[in-house]
Amino acid sequence: MERSDYVGRLQTMNKIIYKEQFSAAVTKLVVEAPLIARARRAGHFVIVRCGEKGERIPLTIADADPTRGTITLVVQAVGDSTRKICALNPGDCLTDVVGPLGKATRIERFGTVLCCGGGVGVAPLLPIIRAMKAAGNRVVSVLAGRSKDLIILEKEVRDSSDDVIIMTDDGSYGQQGLVTVGVEQVLRREHVDRCVTIGPAIMMKFVSLLTKKYDVPTEASLNAIMVDGTGMCGACRVTVGGKTRFVCVEGPEFDAHQIDFDELLMRLRP
Amino acid sequence: MIELNDGRDAQWRAELRAAIKPKERGAVERVTMAMLDPQERIRCNDEVNRGLTDEQAHSEATRCLDCANPQCVTGCPVAIDIPGFIKRVEAGDIAAAAATIKRTSALPAVCGRVCPQEKQCESKCIHNRMGNKPVAIGYLERYVADWQRNHPETEVAPAIVPNGRKVAVVGSGPAGLTYAGQMAQQGFKVTVFEALHEVGGVLKYGIPEFRLPNAIVDHEIDGLRRLGVEFVTNCVVGKTITVDELKSEGYEQIFIGSGAGFPRFMNIPGENLKGVMSSNEYLTRINLMEAGRGGDTPVLTGHTVAVIGGGNTAMDSSRTALRQGAERVMLVYRRGRDEMPARREEIEHAIEEGVELMTLHNPVEYLGDESGRVKAMRVQRMELGEPDASGRRSPVPVEGAIDEVPVDLVIVAVGVSPNPLVPQSVPGLEMSRRGTIVVDENTMQSNIDGLVAGGDIVRGGATVILAMGDGRRAATAK
């Protein structure tokens, strides 16, 4: 039975057209996904599967080019499935890519927006930085990583930020210290209207505690464990303001000051 | 539509009817289907029910009296011509029996396995009124579908006259597949959009293979492909593409059958501990993602497992836990065994396999160890009080009677809510307070022109066959 043209356009191959190694463990992949590229907004994620027996992995979309029909994913190899994805090369195809999922980031002219990203979390933060800048905000970005080679996308972040502070745990680049040191510098020196944070849950917890002290509304983008990503399994549930919420359909961003980070950290530990 | 010459007045059928007296037919004993031994089957994922032999099927078919006014058909949500196909079985023409069923049901091998026939067609069988056991309609349907699958060369392809029009289906579960099959037979070009990477919806992710093998679901879906139905996987209508886009692409009707895949929890302390999960998560990991069966997806296993709930999903989860190697599986249900909504057969199979029923108990809290993994549940003992709105006696807590039971895995199977994803993306769509799409129950028409809906997105959590009935009603409404 011949496929109709429209259906043919919808069934894409998810071919990888570009690959860049950010560090030993962090890989950038540009993937052909025209429908997702067209529909996605900052904050959305996709579910990716690699291999016929592959696991469904949620990945936040780092960038998209609707004219070329591509999305950019930045993947950190932490387990077997992410290692498989990182081992793919241009010309290879992801078995499945579905999205864009989740709710898009609320983008408005808030005034001054503080964007702080840790490690690979800088990748999904980049489209938010760009959108916040385009909406007329003053954007101050704080990027953090264990060492110099784990600071990613610095140039792209600088291009859309009014100021950038870099923090490394070992002092090999920027200032030495945790992300909170940089965040507090900003909060002390100027009025901040809103904060967005993406990174390891433990980092977001401490950023959230700090911004709460300074009374700055903060959104944290959570990377929970998921199976389907469409509300079906509930594996991604998180307590926000005392209520159980599903990250996949009600998030991934929530009011950081309401998130039960200790429960989230407990659920993420194997 | 092909002419099957299977009307009740057809000569072959009248002769067949006259060949054996109704009294003799009624005296034939109802067949018993062979089953795998409980101890053997919990060590594998093979189908428990083994099907009928040719002799058994023929014998069972002779029990049907071929009533002038067959009530069984009124008990079937997709109105299968039940005496019509059963008499073909008696006459030995199984291919014709299969063609008769396929006219109204796209999924006979599925229905023959998972339909609650005892509450549907078989409950209306004339034999019940005469104190006999009803004809095993479900077994016969399964027999016919399985025979057809093993004899593909005999398949009678319906003659379809394309009408040049097209319709879309959102969700590839039983409601959507039935609508697709019916519309394809009417000549429509049908495209089914599925959010997951596999077609089949709850038939794949929800129902375990020991009850409904995935290969059987795939075979039914291939049958729809042969009718010209196209499938698009990894496509979330409302996210990847919009309903408006489908309309502008020329789809004149859109059937929403996106299901009730939104698990409910009880909102009790400790429910977010590790080792407490929804039955949807547990079953999806194992059934769809093949966790523990060669897939990359992991799943937690437990030595002592508690499954919360008394429905078919709770039975499926507890039986799955045994097959995953659990030493003790308890089914915790707040009412009594008689009040369980699960099929009798499922309850019996679960007990045979070693599932312990902990009825009249309700969990009130889960306790965790220092790593956050569940280690015990606190259960409130209940007793039955006055009947509630559902007619079942409602459970009332026995004051002070709370027990602590060690468990290391808890599967919560207390129901599902409609999935909000698709409805939320359609501005102006009328929804009920429960989050279901409001439709006219005869036509399945929503308040938005060109948008029909059926299955659990309308019902909020029902059965495969009721979903199929919705799909058929939407497709046949004029």
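The values are calculated or read from the model by the stated rules, or taken from the named source; none is laboratory data. Because the structure is a prediction, the values reported are computed rather than measured. With ideal geometry, Cβ positions are generated from the backbone for all residues, glycine too; neighbour counts draw on all protein chains shown. Protein only, heavy atoms only, side chains kept; ligands, DNA and RNA dropped before computing areas. Shrake-Rupley method; radii C 1.70, N 1.55, O 1.52, S 1.80 Å.
Between the Cα long axis of helix A:201-213 and the first principal axis of chain A there is an angle of about 40°, rounded to the nearest 10.
With one equal scatterer per alpha carbon and no solvent term, the Debye-computed log10 I(q)/I(0) for the range A:1-113 at 0.14, 0.18 1/Å reads -0.59, -0.90.
In order along the range B:411-424, the phi-based Karplus estimate (6.51 cos²θ - 1.76 cosθ + 1.60, θ = phi - 60°) of 3J(HN,Hα) comes to 10, 8, 10, 9, x, 10, 10, x, 6, x, 4, 6, x, 4 Hz; Gly and Pro are listed as x. Expressed to the nearest 5 percent, the antiparallel share of DSSP beta bridges inside the range B:263-416 is 50 percent. With respect to chain B, whose longest principal axis is taken over its alpha-carbon atoms, helix B:137-150 is tilted by about 70°. Taking amide hydrogens as placed 1.01 Å from N in the peptide plane, the amide H of B:V192 sits under 5 Å from those of B:V169, B:E230, B:F231, B:V232, each at least 5 positions away in sequence or on another chain. Measuring nothing but alpha carbons in chain B and taking Rh as the Kirkwood radius, the Rg to Rh ratio lands at 0.98. Taking a sphere under 10 Å around the Cβ of B:I42 and counting the other residues whose Cβ falls inside, with K and R at +1 and D and E at -1, yields a net charge of 0. Computed from Cα positions, the angle between helix A:179-189 and the longest principal axis of chain A comes to roughly 50 degrees.
For the range A:121-182, with equal point scatterers placed on the C-alpha atoms only and solvent neglected, what are the log10 I(q)/I(0) values from the Debye formula at q = 0.18, 0.21 1/Å, to two decimals? Log-scaled intensity ratios, in q order: -0.58, -0.76. Distant-in-sequence amide contacts of B:V307, defined by a placed amide H-H separation under 5 Å and a gap of 5 or more residues or a different chain, comprise B:M330, B:L331, B:V332, B:I411. The convex hull drawn around the Cα atoms of the range B:64-116, when projected onto a plane and averaged over every direction, covers 3.7 nm².
Our summary of shape: the Cα atoms of the range B:263-416 have principal axis extents of 49, 38, 26 Å, ordered from largest down, in whole angstrom. Comparing A:L59, A:L125, A:L114 in a Gaussian network model of chain A (Cα springs below 10 Å), the most mobile by mean-square fluctuation is A:L59.
Ellipticity at 222 nm from helices only: DSSP H runs of n ≥ 4 in chain B, each -39500 (n - 2.57), divided by the residue count, give -9000 deg cm²/dmol. Among A:R237, A:R158, A:R189, which one moves the most in a GNM of chain A with springs linking Cα atoms closer than 10 Å? Among A:R237, A:R158, A:R189, the largest GNM mean-square fluctuation belongs to A:R189. Modelled this way, with points 7 Å down the Cα-to-C-beta line, the labels at B:M35 and A:A24 are 5.6 nm from one another.
The phi torsions of the range B:383-400, fed into the Karplus equation with coefficients 6.51, -1.76 and 1.60 and a -60° offset, translate into couplings of 9, 7, x, 6, x, 9, 4, 7, x, 8, 5, 7, x, 10, x, 8, 4, x Hz, rounded to whole numbers, with Gly and Pro shown as x. The orientation-averaged shadow of the Cα convex hull for the protein assembly as shown, equal to a quarter of the hull surface, comes to 33.9 nm².
Only helical runs count toward this figure. For chain A, summing -39,500 (n - 2.57) over DSSP H runs of n ≥ 4 and dividing by all residues gives -7500 deg cm²/dmol at 222 nm. For A:N89 and A:I17 in the same chain, what is the full-extension length gain: residue separation times 0.36 nm, less their Cα-Cα distance, in nm? Extra length from A:N89 to A:I17 when fully extended: 25.1 nm.
With θ taken as phi - 60° and the coefficients 6.51, -1.76 and 1.60, list the Karplus ³J(HN,Hα) couplings across the range B:13-24 in order, rounded to whole Hz; mark glycine and proline as x. Per residue, the Karplus-derived 3J(HN,Hα) values read 6, 4, 5, 4, 5, 6, 5, 10, 5, x, 4, 5 Hz. The charge dipole of the protein assembly as shown, taken about its Cα centre with unit charges on the Cβ atoms of Lys, Arg (+1), Asp and Glu (-1) only, comes to about 820 debye. The H on the amide N of A:A33, modeled in the peptide plane, is under 5 Å from the matching H of A:T70, A:I71, each at least 5 residues off or on a different chain.
Label positions at B:D244 and B:S59, each projected 7 Å from the Cα along the C-beta direction, are separated by 6.4 nm.
Computed from label points 7 Å out along Cα-Cβ, the spacing between B:R226 and B:N163 is 2.4 nm.
Per residue of A:233-241, other chain Cβ atoms within 10 Å of the residue Cβ number 5 on average.
The contact between chain B and chain A removes approximately 3900 Å² from the accessible area (both sides summed; 1.4 Å probe; ligands, DNA and RNA excluded). By accessible area, using a 1.4 Å probe on protein heavy atoms only, the range B:263-416 has 46% of its surface on carbon and sulfur.
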